[in-house]
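Data block below; observations after.
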Amino acid sequence: MLHAHRVLDDTADCLGALNSNKAVAALAVILDQPEAAIRQALAPRGQLAQSGLLTLSRGSHEQLTGKLEMLSDQFSDFILSPDVEPLSLLRGSVAPSAAPTLNIDDFPHLGLDLQVLRQYLRVALRERKTGVNVLVYGPPGTGKTELARVLAADIECELFEVSAEDNDGDPIGGARRLRAYQAAQRFLAQREVLVLFDEVEDVFEVAEPRILWMQRGAKTNNTSNRKGWVNKALEANQAPTLWLTNSIQGLDPAYVRRFDLVIQVPIPPLSVRTRIVHKACGSLVDESTLRNLAECETLAPAVLTRAASVVEAVGSELAVAARPKALLRLVSHTLQAQGHAALAPNPMAGLPEGYDPQSVHADADLVELVEGIRHSESARMCLYGPPGTGKTAYARWLAQQLDRPLYVRRASDLLSKWLGDNEKNIAKAFREAEADGAVLLIDEVDSFLRSRLRAERSWETSLVNEMLTQMEAFNGVFIASTNLMDDLDEAALRRFDLKVKFGYLDAAQARALFSQACAVLGIDIPPTDDMARLSLPATLTPGDFAAVMRQHRFRPIATTMALAEALEAECAIKHAPKRAIGFK
């Protein structure tokens with residue numbers, strides 16, 4: 001009545017700010033009841049508090065109305081309405097979830113985890129198991145909420161969501177959401193339902209990993225009370241509950257161990273991303289743009305679908321040729337806001353045009369290796385040699401020939417300033433590649449496998465140990481590339497099945513690439529006799545030709561002599577003997 005009638009509320013304000021004891025005493029007088037009865041009714045373990053319907057706010061001085069916290073701002077209106085249905089009292093706090101837009105087949109990357117989860121929820125509902133809780137985590141936009149809806153539809157039960165905002169769109173605080181969760185458990189206990197609690201960070205008090213050490217030994221009574229309540233809630237709930245969060249990094253281990261299952265929903269693998277990309281924007285952009293989007297390993301499905309919906313909405317105002325660029329820009333802006341790299345308009349993930357492994361100078365038959373790896377389905381290879389000799393390009397070509405996605409990881413992707421993160425990032429790279437059947441290329445591997453004999457810090461040794469462990473356990477194709485072979489740990493060298501040296505181009509290869517460059521630039525290719533007499537630098541690499549071709553965009557190359565001089569300039573800074581340019 002206090003919350004429903006303004007006059008009564010204003011009259012109660014005459015009592016002034018009250019602490020908990022004074023609020024109980026005031027209610028005893030107003031209601032003409034023994035003070036002990038009031039205290040028992042409002043006790044933390046009483047029916048009112050346990051149901052989440054009405055809670056006495058403790059530890060603060062407030063007006064009487066404020067001391068009596070209700071399930072929602074509209075609860076008093078609902079309960080005073082004639083012919084009220086019990087479930088309708090939860091409006092504004094708990095609501096039936098929307099129908100799913102996907103189905104169970106859209107989550108193949110969850111594999112056995114999803115199969116176990118589906119069967120476990122069926123058993124829990126059939127046997128009326130209590131204390132069934134599942135923690136689902138993963139980056140924003142990966143489909144965690146949609147997965148919960150798909151699960152409910154798959155096992156043919158209702159799904160109710162604990163609201164994160166009220167009917168006016170204002171956010172609901174953690175304490176009130178907990179009360180709504182309590183009420184949902186009481187109201188829905190006798191029905192075959194699942195409860196969804198999204199954005200658990202404000203309830204479980206998830207902290208940044210780097211400040212966790214500040215919290216240890218400095219817990220407040222409020223934090224302790226919240227932790228105790230959550231622990232009990234995870235042990236006695238009647239309706240199975242799916243708890244969703246973007247990260248478990250700062251989640252107290254005491255919470256985590258109380259979940260029956262902990263399921264990760266990562267960014268989908270390439271095969272799934274390709275299907276999502278074609279479904280979301282296959283009619284909007286060209287095949288090259290679709291491939292660019294699918295190859296982005298940090299692109300969550302929700303980011304893509306929202307960007308596609310924007311481009312589709314304004315499609316009539318955009319020229320057809322402008323739509324791919326608009327879509328890439330929208331996606332890139334969101335990726336950058338999330339801390340990821342933007343999409344490249346012309347992705348470098350593709351092979352150079354006209355790539356031929358025969359134009360690479362290596363001490364192994366690079367074409368023959370493909371058939372051997374295809375037959376064995378696994379390999380650990382170290383590609384070493386000077387920069388620009390074609391190590392990364394060969395890894396891309398190999399993945400293409402094997403019809404597998406390529407995951408490229410560099411030092412900047414894996415190294416972190418936080419202690420312990422390096423090892424986690426390395427393990428994650430191997431785990432993701434194996435899950436997607438991808439070829440894993442770690443560039444600049446000397447950053448991770450530097451000789452332990454020269455290590456100056458303990459973490460440098462643990463970094464090498466982690467890399468060696470992951471290499472041993474990896475059941476797939478792993479390629480490491482380095483320009484600094486002499487710096488690698490001896491134990492690491494023994495773990496590679498094959499070490500392939502990439503060197504400078506021999507004379508025949510250099511002349512073949514020179515002829516190809518002339519053709520691309522529109523320059524007359526020298527006659528065979530002149531080509532045979534052409535003297536090119538001894539340190540030429542395929543990368544030098546690529547660099548010169550890029551220069552041509554803003555510094556046109558019009559003659560064979562100009563091309564030879566540009567190649568000589570690229571080689572001039574290399575520490576190796578050089579030949580004179582021109583013709584003999």
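The values are calculated or read from the model by the stated rules, or taken from the named source; none is laboratory data. Just so you know, these numbers come straight off a predicted model, no measurement behind them. Every residue, glycine as well, gets a Cβ built from its backbone with ideal geometry; the counts of neighbours run over all protein chains shown. Side chains are part of the model used for accessible areas, which takes the heavy atoms of the whole protein and leaves out ligands, DNA and RNA. Shrake-Rupley method; radii C 1.70, N 1.55, O 1.52, S 1.80 Å.
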Exercise. Cα centroid distance between region 303-337 and region 231-296, in Å?
Worked result: 23 Å
Exercise. What full-extension length gain, to one decimal in nm, is calculated for E377 and A37 as 0.36 nm per residue of separation minus the Cα-Cα distance?
Worked result: 115.0 nm
For this session: Please report, to two decimal places, log10 I(q)/I(0) for the chain at q = 0.13 Å⁻¹ as given by the Debye formula with identical point scatterers on the Cα atoms and no solvent.
Result: -1.39
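Based on DSSP H runs of at least 4 residues, each adding -39500 (n - 2.57), what is the mean residue ellipticity at 222 nm of the chain after dividing by all its residues, to the nearest 500 deg cm²/dmol?
On the way: 27 runs with 265 residues, N = 584.
Estimated from H runs of four or more residues: -13000 deg cm²/dmol.
With +1 on the Cβ of every Lys and Arg and -1 on the Cβ of every Asp and Glu, and nothing else charged, how large is the dipole of the chain about its Cα centre, in debye rounded to the nearest 20? Please report the intermediate quantities before stating the final value.
On the way: 63 positive and 74 negative charges, 213 e Å.
Around 1020 debye, computed over the chain.
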Exercise. How far apart, in nm, are two points set 7 Å out from the Cα along the Cα-to-Cβ line at S247 and at V29?
Worked result: 5.2 nm
Exercise. Name the residues of region 1-30 whose amide N is less than 13 Å from a point 7 angstrom out from the Cα of T65 along the C-beta direction?
Worked result: 1-16
Problem set entry | Rounded FRET efficiency, nearest 0.05, which uses the C-beta distance separating A473 from Q358 and R0 of 45 Å | 0.85
Seminar exercise, completed: For K428 and A341, extending 7 Å from Cα along the Cα-Cβ vector and measuring point to point gives, in nm, a value of 1.6 nm
Exercise. For region 307-435, max minus min Cα coordinate along each principal axis, in Å, sorted largest first?
Worked result: 55, 44, 29
Seminar exercise, completed: For region 1-75, the charge dipole (Cβ of Lys, Arg +1; Cβ of Asp, Glu -1; about the Cα centre) points to a positive end, and the Cα of L18, Q74, Q50 closest to that extreme belongs to Q50
For this session: Calculate, in whole percent, how much of the Cα-Cα pair population of region 235-316 lies beyond 19 Å.
Result: 53 percent
For this session: Could you tell me whether region 501-552 comes out rounded, prolate or oblate from its Cα gyration tensor? Rule is a ≥ b ≥ c as square roots of the eigenvalues, rounded for a/c under 1.5, then prolate if a/b exceeds b/c, otherwise oblate.
Result: oblate
Exercise. Given H placed 1.01 Å from N in the peptide plane, which residues other than close sequence neighbours of I557 have an amide H under 5 Å from its amide H?
Worked result: none
Problem set entry | Mean accessible surface per residue for the chain, computed with a 1.4 Å probe while every protein chain stays in place, in Å² | 52 Å²
Problem set entry | Proximal lysines to K279, defined as alpha-carbon separation beneath 26 angstrom and excluding residues fewer than eight positions away on the same chain | K144, K325
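Counting DSSP beta bridges in the chain, what percent are antiparallel, to the nearest 5? Write out the running numbers ahead of the final one.
Working: 12 of 45 bridges.
Of all bridge pairs located within the chain, approximately 25 percent are antiparallel.
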For this session: Starting from the Cα-Cα distance between L419 and K227, subtract it from 0.36 nm times their residue separation and give me the gain in nm to one decimal.
Result: 66.4 nm
Problem set entry | In Hz, Karplus ³J(HN,Hα) per residue of region 82-94 (6.51, -1.76, 1.60; θ = phi - 60°; x = Gly, Pro) | x, 6, 6, 8, x, 5, 5, 5, 7, 4, x, 10, 9
Exercise. Gain in length, M561 to R122, computed as 0.36 nm per residue apart minus the alpha-carbon separation, to one decimal in nm?
Worked result: 150.5 nm
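Rounded to the nearest 0.05, what FRET efficiency is calculated for A95 and D506 with R0 set to 51 Å and r the Cβ-Cβ distance? Intermediate results must be reported in sequence, preceding the final value.
Details: r = 71 Å, r/R0 = 1.40.
Computed FRET efficiency for A95 and D506: 0.10.
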Exercise. Can you list the residues, at least 5 places off or on another chain, whose amide H is less than 5 Å from the amide H of R91, using H built in the peptide plane?
Worked result: none
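Given a Förster distance of 30 Å, report the FRET efficiency between K325 and T298 from their Cβ-Cβ distance, rounded to the nearest 0.05. Intermediate values should be presented prior to the final figure.
Numbers: r = 20 Å, r/R0 = 0.66.
Step by step, r from the Cβ atoms, then E = 0.90.
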Exercise. Roughly how many percent of the accessible protein surface of the chain is carbon and sulfur, given a 1.4 Å probe and a whole-percent answer?
Worked result: 52 percent
For this session: Positive end of the charge dipole of region 83-198 (Lys, Arg +1 and Asp, Glu -1 on Cβ, about the Cα centre): tell me which of L117, P100, T130 has its Cα farthest that way.
Result: T130
Exercise. Tell me, how many Å apart are the Cα centres for region 116-134 and for region 82-104?
Worked result: 21 Å
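Using just the alpha carbons, could you tell me how many Å³ per residue the convex hull of region 2-103 encloses?
Once divided by residue count, the hull of region 2-103 is 148 Å³.
Consider all pairwise Cα distances in region 408-557 and report the whole-number % of them above 22 Å. Before the final figure, lay out the partial values.
Numbers: 6091 of 11175 pairs.
The proportion of pairs with Cα distances above 22 Å equals 55 percent.
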